[in-house]
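Only one structure is covered here, and it is reproduced in the block below.
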Amino acid sequence: MTERPTTYVDIILPLPLNSLFTYSIPEPLTKVVKSGVRVIVPFGKQKIMVGLAVRIHDKEPEFKVKDITRVLDTTPIVTERQLRMWNWIADYYMSPIGEVFNAALPAGLKAEDGFRPKTETYITLPENLRHEQALHIAFGMLKRALAQLKTFNTYLTLSHWDTIVGDCTDEPVVEVTKDELINESHATAGVMKQLLDKKMLVTYEKEVGRLNCGGVPQLDNVKRLSAAQQEAYNNILFQFLKKNVVLLRGVTSSGKTEIYIHLIKQALERHEQVLYLLPEIALTVQIRQRLQKVFGDRLGIYHSKYSDAERVEIWKKQLSDSPYDVILGARSAVLLPFSKLGLVIIDEEHETSFKQQDPAPRYHARSVAIMLAHQHGAKTLLGSATPSAESWHNAETGKYGLVELDERYKGIEMPEIKVVDVKDMQRRKMMYGPISPLLLETMKKALDNGEQVILFQNRRGFAPMVECRTCGWVPKCENCDVSLTFHKNMNMLTCHYCGFTYSVPKKCPNCEGEDLRPYGYGTEKIEEKIMELFPNVPVARMDLDTTRSRNAYERIINDFSAGRTKILIGTQMVSKGLDFDHVRVVGILNADSMLNVPDFRAYEHAFTMMSQVAGRAGRKGDRGLVILQTKDVEQPIIEQVVTNNWRAFYSQLMAERRLFHYPPFYRLIYVYLKHKDDDRVNTAAIEMGGRLRQWLGARVLGPDKPAVSKVRTFFIRKIMLKLEPGIDMKRVRQCLLLAQRQMEQDKRYSSLQIYYDVDPS
């Protein structure tokens, strides 16, 4: 008998390494190992890890291999199409495949026993009592135990066993949970125990889903489109005949969401799936409510505020025979498995939140979603009132289809924007902290009329820094090159990069002076000031500090929507697509903080953010009013926001980008080097920059220090690559990876970390 040749499998492990790992498959497991299943493997001397099988072969490696230990799945949990997407992400964003694996799978699918199905205890009749005569005997046994009899009768009623005739019930038997029975019968734990001990009732465990049921779909609940919306809808369908990607540029409050709902309904009628991406988890609260009214339990939600177990269940449901038809989610939803994707909608496509930063892979969900749609032969719709420079350029040049909607729903006027010269107000000592007299007056008027106010300040905490007024000392983070933010509620100084906290000193450690004062305004300080000015008005704050818990978004948004709070103070979270009926006034407290940022995208981000937050005003009823506070009223971008002259803005922006070789005309790759020794990382960056210049010439700029040059004890240097259209990107990646390997082989740089940010946002 000839010996069967050994079979091998290449495995992805959740490690920041570019290579796959080869293991041998023991004979008993050869039939169950297939591409896309999880396997348990030994790693190193003592570690056990969960990996993903991707390729089975019989090519014996040149090194000694270990056997896989166990197979966790009977069917693949990652599809072949997903694996192709993972490889594309790894290649395009220059991130090891292990990091893609780590980012894509919920944690419960990366651990041997990380996911346990949720079970619930149910009550049922034992087999010997499932007859009319047997039940009469049971009643006789319980006639003196009145509490037990009551509970037993309650169970029979709830389950329909009380309709039994002979050994059949007139009505279908209903399953009853133990908790439901206790609640309905008001039984004590002792009563339940006695019934179970007597075998009058028995329990069993049943797996139940953690996901909320959205109810029965009501496709007839779709609202009729206005004439302008209908025209835009028809144009989108026409553009889809010619282009796979279409940009819908619709002004704020033009009713883009309603158009999306009509497009989703049409896709479902074609028996296709839809992916609906949003930039912020907060947005899913309102959009979910609107979508559930129409699509009910055909809608699934996926984002990081869901528990890991819930995300595992959604993942598994998408692999089942009855997946969700519509997935609504933030960035990570693009990594879910789909079987029949027909439409991808990316709302607020301009948002930088779609770009993953840390940890790797640093992918852009918009680009990945477009590629995902391409893989499935699906269409992609990008929606925004202020499109990104890249998307607008692609639409202008004909790469994308373009549809424009310039009319607000029901003909409501765009908000009036008034500019306040804060510098002049401060000189005349007329400011109420961060609030100008005009803003205060308009807020009072709106509140007196029962209307609501949104205040936008793109900085959380109480104050950005604390300063000694005697010597100028400012407390800084021990691990990062940043000043500490003062959080008054906790009476702590906190680093927003690494989380380092520091008690507020009573005396300056530099000069022992006692005059330590917070400098600047964060959302927490503004909240305090507003509560002083309006002591009887309910106020809410929406920033990272107030939305850490899962339901915080929903509570804040629902309270404001229902009018239980009248003033909402927030960071950029309040600028993104939220829809409130009664907001009359929006205050942009410090426009300059968005403009004075050392980033080529600063003006683009500032324009979109100010335009978006302004669009929250006057969405229903009377025209809204926006008070824009700035110290530089002559800044051209201020005038462009006031007049909503986005065409002039984009024209100027594109001219500057073309002149200085920035996107969308050139592609960017940032190369980051990190080391705990500042001199070592500086030397390494100079050396790597020199190596890259040998191959790529003047396309390589730097190295230089980024704005924050130390994070979590690591010093950072950045090299920038500006790449012209048509360049061989494969060769560029090869050059970068070759330079990296050469650096890693140098013993001086053994602890050096090198990573890439492709198409930075």
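Structure above, values below:
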read-out	value
Residue exposure sequence - His376, His160 - by fewest surrounding Cβ within 10 Å	His160, His376
Gyration tensor (Cα) of the stretch 581-634, equivalent ellipsoid semi-axes in angstrom	24, 12, 7
Where labels lie 7 Å past Cα in the beta-carbon direction, separation of Arg70 and Phe43 in nm	1.7
Kirkwood Rh and Cα Rg combined as Rg over Rh, evaluated for the stretch 219-403	0.94
DSSP beta bridge pairing in the chain, given as percent antiparallel to the nearest 5	55
Evaluated at q = 0.17, 0.18, 0.24 Å⁻¹: base-10 log I(q)/I(0), Debye formula over Cα of the stretch 582-697	-0.91, -0.96, -1.33
Against the rule of thumb 2.2 N^0.38 Å, how large the Cα Rg of the stretch 156-292 comes out	1.76
Alpha carbon convex hull of the stretch 347-418, volume per residue in cubic angstrom	138
Local electrostatic count, Arg541, Cβ distance below 11 Å [Lys/Arg +1, Asp/Glu -1]	-3
Using a Förster distance of 51 Å, the FRET efficiency for Thr6-Val216 (Cβ separation, nearest 0.05)	0.40
Anisotropy class of the stretch 498-560 from Cα gyration tensor, a/c 1.5 cut	oblate
Packing-based exposure ordering (other Cβ within 10 Å, fewest first) of Met573, Met430, Met425	Met430, Met425, Met573
Among the listed pairs Lys178/Lys206; Lys507/Lys529; Lys223/Lys316, those beyond 23 Å (Cα-Cα)	Lys507/Lys529; Lys223/Lys316
Volume per residue that the Cα convex hull of the stretch 667-758 spans, once the total is divided by residue count, Å³	84
3J(HN,Hα) from dihedral phi, the stretch 652-663, Karplus parametrisation 6.51/-1.76/1.60, rounded to Hz, x for glycine, proline	5, 4, 5, 4, 5, 4, 5, 5, 9, 6, 10, x
Förster radius 30 Å - calculated FRET efficiency between His271 and Glu27 (Cβ-Cβ, nearest 0.05)	0.10
Estimated FRET transfer efficiency when R0 is 51 angstrom, pair Phe660-Val173 (beta carbons, to 0.05)	0.10
Under the Karplus curve 6.51 cos²θ - 1.76 cosθ + 1.60, θ = phi - 60°, whole-Hz ³J(HN,Hα) for the stretch 156-162, x wherever Gly or Pro sits	4, 5, 4, 8, 6, 5, 6
C-alpha center-to-center spacing [the stretch 401-476, the stretch 114-166] in angstrom	64
Rg and Dmax [Cα atoms of the stretch 523-659; Å; Rg one decimal, Dmax integer]	16.3, 54
Residue exposure sequence - Trp161, Trp473 - by fewest surrounding Cβ within 10 Å	Trp473, Trp161
Vicinal HN-Hα couplings computed from phi for the stretch 463-468 (Karplus, 6.51 cos²θ - 1.76 cosθ + 1.60; Hz; Gly/Pro x)	8, x, 7, 10, 10, 7
Qualifying aspartates and glutamates (Cα of each under 17 Å from Cα of Lys488; at least 8 residues distant if same chain)	Glu467, Asp515, Glu524, Glu527, Glu528, Glu532, Asp543, Asp545
The chain shape via C-alpha gyration tensor axes, a/c threshold 1.5	oblate
Inter-label distance, nm, simple model (7 Å from Cα along the C-beta direction), Lys399/Arg84	2.2
Cα-projected label distance for Ala111 with Ala562, points at 7 Å along beta-carbon direction, nm	3.5
Cross-link partners of Lys631 among lysines (Cα-Cα below 18 Å; sequence separation of 8 or more within a chain)	Lys418, Lys423, Lys429
Interchain or long-range residues, amide H under 5 Å from Tyr666's placed H	none
Computed P(r) (all Cα pairs; the stretch 464-525; 10 Å bins; percent)	25, 56, 19, 0
Amide proton proximity set for Phe43, modelled H, under 5 Å, gap of 5+	Ile48, Met49
Cα-based equivalent ellipsoid, the stretch 119-207: semi-axes from gyration tensor eigenvalues, Å	18, 17, 11
Eligible lysines near Lys243 by straight Cα distance, threshold 21 Å, same-chain separation 8 or greater	Lys256, Lys265, Lys340, Lys379, Lys399
Where the Cα pairs of the stretch 376-479 fall when distances are cut into 5 Å bins, in %	2, 7, 10, 11, 13, 12, 11, 11, 10, 7, 4, 2, 0, 0
Ellipsoid semi-axes in whole angstrom, largest first, where each is sqrt(5λ) of the Cα gyration tensor of the stretch 1-107	24, 15, 14
Selection of trypsin sites (Lys or Arg not before Pro), the stretch 7-46, meeting DSSP coil and at most 12 other Cβ within 10 Å	Lys31, Lys45
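Every read-out reported here was derived from the displayed coordinates using simple, explicitly stated rules and does not represent laboratory data. Bear in mind that the values here come from a model prediction, so they are computed numbers and not experimental data. Every residue, glycine among them, receives a Cβ derived from its backbone with ideal geometry; neighbour counts consider all protein chains shown.
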